[in-house]
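The values are calculated or read from the model by the stated rules, or taken from the named source; none is laboratory data. Quantities reported herein were computed from a predicted structural model and do not represent experimental measurements. Because the Cβ atoms are built from the backbone with ideal geometry, glycine has one as well, and the counts that use them run over all protein chains shown. All accessible areas refer to the heavy atoms of the entire protein, side chains included, with ligands and DNA or RNA removed. Shrake-Rupley method; radii C 1.70, N 1.55, O 1.52, S 1.80 Å.
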Amino acid sequence: MQDSRSKPCSCPSLKLREVASMYFTMVAAFLVILVVALQGSAPRESHFPYKVPLDPQGLLELAWNVSYPEQAVHFQLLIRELQFGLLFGMSDRGEFENADLAVLWSDGHNSYFGDAWSDAEGQLHMDSQQDYQLLGARRAPEGLYLLFRRAFSTCDPKDYLIEDGTVHLIYGILEKPVHSLQAINASALRGGLQRVQLLKPNISTPELPSDMKTMEITAPNVVIPSQETTYWCYMAELPAGFPKHHIIMYEPVVTAGNEALVHHMEVFQCAAEFDSFPHYSGPCDSKMKPERLNYCRHVLAAWAMGAQAFYYPEEAGLAFGGPGSSRYLRLEIHYHNPLVFRGRRDSSGIRLYYTATLRPYDAGIMELGLVYTPVMAIPPGEDNFTLTGYCTDKCTQLALPAAGIRIFASQLHTHLAGRKVVTVLSRDGRERQVVNADGHYSPHFQEIRMLKEVVAVFPGDELITTCTYNTEDRSRATVGGFGILEEMCVNYVHYYPQTQLELCKSAVDPGYLHRYFNLVNRFNDEEICMCPQVSVPQQFYSIPWNTFNRDVLKSLYGFAPISVHCNKSSAVRFPGEWEKQPLPSITERLPEPVPRCPPAPGPQPAAPVPLNLGQLRR
């Protein structure tokens, strides 16, 4: 008699076989897509509007776009000469240690792509959360295109948070095959860093007028010096009788082949008080440079590598030419030549777009932050020391029109010790809005940045600028001043309509600083000479920087009255009492931004994606 009970079957059920078949079909299809993609051409350039060379030779070129709805950046990396792979990523200040990385590597036969991170020794580890998402790879005559995506925030502790401001990108070349990602030490690779603003503002381009003209302020076919860093100055001159115009846009003009050498450029207008300026073309730090060129400091245009064209709002333009405006301009170009190329000629510069049809408002530039004075100082050996400059309610109440002003762009500035800069708008004692912030600021990457949204400032508002410094590599105090080893804390805000207020800054009251020196003398064995002939810098240099002296100085800057500079363009203060002014009282701070985590995709294996790139170069 046959047993009616079902017998166990060692074969999978029909449903399970179908699922398994579908799974392997999808995997196979995915690999086929990647292989087929290698035979295609490069994506259209319009998909990636931002572009920058990563290395000095231009063998690695990064292009990207920003999707604010998706909260993600899409990258396109062109590798002109692929060896055995490369790593690309981000870190706090361009270090190869503790970095967030996308890695392409080969064992000589097979190639892989994966999301990784480096530890404090530079050793690579596969990330348990694969957030660099490979979108494809394409072969083209010019090289290999690698396309991948990364969310701004992943909430992965090993990942870099992509935010507004400067991002330090790093790259490393794999010159030998590696058998696993864990065999790579990023610190031992040939590589470098590039600074960019990844999160470009999503601003519509204003329509340009039909009578628009252009003017190029360019270097006169100079030979780039065969040294790593050069600042080149060149004097240009507007035509005689040049009437008032509005600059409505500008863009870079970079000599072909020098894209990786021209780091940043600025055009300055000279002071109108001088009838003439000497012609000059040469290094800005040369003893042959005429002293008068130091009076050419009014910024007309600034560009840094990776930036696109700069547009003024359609209702405003930057005035130049006409009565009260100097005809003389100074072009300054920073050449970054780490491979010390010789004999390279350059005619780069900036192209100004201007119109004789004046717009409703003249745009203005206002300086916020700290006065250039040695009374503001940073002790040596500090990793996170802050100084704050105030544009007070008293000054804006007096100097701004009743309808207020509109800030549309900003250029942050410190010298070599600067690490972070932020300007906050405060009203009635409450912080209302961040004007501009850069948590990864670099003094080597300064550009005028258009704001994502216009900031309205009204009479009685306060603009508070805070800079964070690192002096761990210094043995004596760093004081405020013009020298490169002295410090600044400035935000040049671009706004309209132009007012008489050109500078709104502060510094600690000198009398209270004198009391600090007295206190230091009282509690220290080594006496600091405070004779009239001893300068403030010399007094700071002679302080023994123990914990007490550091803490008291921090406290002094946090409560002492300030000297406010509420200045007209003539450098004369507005009428009023500006000494020993109380610090603004802030009763409500802006909340710290909370990173937005993308929806969890479910558990994903920490495994690399295989790529068929053919036989790589040996």
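A straight Cα-to-Cα reach below 30 Å connects Lys200 with the lysines Lys51, Lys158, Lys213, Lys420, Lys452, Lys505, residues fewer than 8 places away in its own chain not being considered. For the stretch 372-593, the relative contact order comes to 29 percent (Cα pairs under 8 Å, sequence separation of at least 6). Answer with a single label: of (1) 28.4, 120; (2) 26.6, 128; (3) 29.6, 131, which was calculated as Rg and Dmax of the Cα atoms in Å from the structure in view? Step by step, Rg and Dmax of the Cα atoms in Å for this structure corresponds to label (1).
Seen through its C-alpha gyration tensor, with square-root eigenvalues sorted a ≥ b ≥ c, the stretch 161-316 comes out oblate because a/c lies at 1.5 or above while a/b is not bigger than b/c. Taken as Cα centroids, the stretch 429-459 and the stretch 106-164 sit 31 Å apart, rounded to the nearest whole angstrom. Dividing the mean sequence gap of close Cα pairs (under 8 Å, 6+ apart) by how many residues the chain holds gives a relative contact order of 15 percent.
Full extension of the chain between Asn518 and Tyr541 yields a length gain of 6.8 nm, computed as 0.36 nm times the residue separation minus the alpha carbon distance. Within the stretch 466-592, what whole-number % of the accessible surface is contributed by carbon and sulfur, with the 1.4 Å probe and all protein chains included in the calculation? Accessible surface attributable to carbon and sulfur in the stretch 466-592 totals 52 percent. Given a Förster radius of 35 Å and the C-beta distance between Leu208 and Glu142 as r, what FRET efficiency does 1/(1 + (r/R0)^6) yield to the nearest 0.05? Approximately 0.65, to the nearest 0.05. Element breakdown for the stretch 205-359 at a 1.4 angstrom probe: carbon and sulfur atoms account for 49% of the accessible area.
Distance from the alpha carbon centroid of the stretch 461-511 to that of the stretch 297-345 works out to 22 angstrom.
How much of the calculated P(r) for the stretch 81-122 lies past 14 Å, in percent of all Cα pairs? Result for the distance tail: 49 percent.
For the chain, the membrane-span-like helix rule (DSSP H, alpha carbon extent of at least 24 Å along the helix axis, mean Kyte-Doolittle at least -0.5) picks out 14-37; this says nothing about an actual membrane. In this structure the chain gives 47 Å² per residue of accessible area when probed at 1.4 Å with all protein chains present.
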